[in-house]
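**Q** Below is a structure I'd like to ask you about.
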Amino acid sequence: MSVELPIDAVVDARGLSCPLPLLKAKQALNSMLAGQTLHVMATDAGSERDFQRFAELSGNRLLQARAFDGEFHYWLRKAD
């Protein structure tokens, strides 16, 4: 896995079931500055749909979403 993005914060939500990965990401984004990037790691397959929809509704930008060996990784940029 090689993703070259500047990361300002990381949320490790592996092992947590929906909706906890998204809730932890929201909490992290609330404490971040506009334009900063959050990397979220999750193992819940439902998180793929959740993070896509969250980005559409919240205005935060989903920069990348990737799956690696049963883990789901998301890079979100906090909205201005």
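**Q** Relative to the Cα centre, what is the charge dipole magnitude of the chain, using +1 at the beta carbon of each Lys and Arg, -1 at the beta carbon of each Asp and Glu, and rounding to the nearest 20 debye?
**A** The calculated dipole for the chain is roughly 200 debye.
**Q** If one takes the longest principal axis of the Cα atoms in the chain, at what angle in degrees, from 0 to 90 and to the nearest 10, does the Cα axis of helix 20-30 lie?
**A** Once rounded, one gets 10 degrees.
**Q** Work from the charge dipole of the chain (Cβ charges, +1 for Lys and Arg, -1 for Asp and Glu, about the Cα centre) and give the residue of Leu5, Ala67, Leu33 farthest towards its positive end.
**A** Leu33
**Q** Using a 1.4 Å probe on the protein chains only, how many percent of the accessible area of the chain belongs to carbon and sulfur? Don't jump to the answer; show the numbers that get you there.
**A** Details: 2220 of 4650 Å².
Roughly 48 percent, rounded to a whole number.
**Q** Something else about it: Using alpha carbon coordinates only, what is the Rg to Rh ratio of the chain, with Rh defined as the Kirkwood radius?
**A** My calculation puts Rg/Rh at 0.92.
**Q** Right, here's the next one. Roll a 1.4 Å probe over the protein chains and send me the accessible area per residue for the chain in Å².
**A** 58 Å²
**Q** Turning to a different aspect of this structure: Just from its helices, what would the mean residue ellipticity at 222 nm be for the chain, if runs of 4 or more DSSP H residues each count -39500 (n - 2.57) and the sum is divided by every residue, rounded to the nearest 500 deg cm²/dmol?
**A** For the chain, the value works out to -9000 deg cm²/dmol.
The values are calculated or read from the model by the stated rules, or taken from the named source; none is laboratory data. Since the structure is predicted, the reported quantities are computational estimates derived from the model, not experimental observations. Note that we place each Cβ from the backbone using ideal geometry, even for glycine, and neighbour counts take in every protein chain shown. Note: accessible area is taken over every heavy atom of the protein model, side chains too, but ligands, DNA and RNA are not part of it. Shrake-Rupley method; radii C 1.70, N 1.55, O 1.52, S 1.80 Å.
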